[in-house]
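The next block holds one structure in the form of C-alpha cells; read it before the comments.
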Amino acid sequence: MMEGQKPVAIRMFRKYLACSAEQAERFYRLCADRSEKNRTPLFYEVQGILDSYRACAALS
C-alpha cells in the first residue's frame, strides 16, 4: 500500500466505526484477509483501532 493511501484507509475505517460495530468487524475481516498474510503496518493499525473500540464497547 502506498504511503498516501494509509491515512485514507484509516479515515475510512473510522467512518465504519462510527456507523456500527458490525460494519467495523466486517471491514476488519476484509482488511485482515488482505493484509494478515503480509503483516502490513495498516493491518496492525486497523487491528489496534478495532481492539480499542471493542474494549470501549465492552465497558458500556
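In the set Ala55, Ala24, only one residue is modelled with pLDDT under 70 and assigned to a helix (DSSP H, G or I); that residue is Ala24. Taking first residues from segment 24-47 that are within 13 Å of Phe13 (Cβ to Cβ) and of a type outside the set (A, V, I, L, M) and partners that are modelled with pLDDT under 75 and part of a loop (DSSP other than H, G, I, E, B), the Cβ contacts under 7 Å between residues at least 6 apart in sequence or on separate chains come to Phe43/Glu36.
The values are calculated or read from the model by the stated rules, or taken from the named source; none is laboratory data. Here the structure is a predicted model, which means the values were calculated and not measured. Here Cβ is always computed from backbone atoms with ideal geometry, including for glycine, and neighbour counts include all displayed protein chains.
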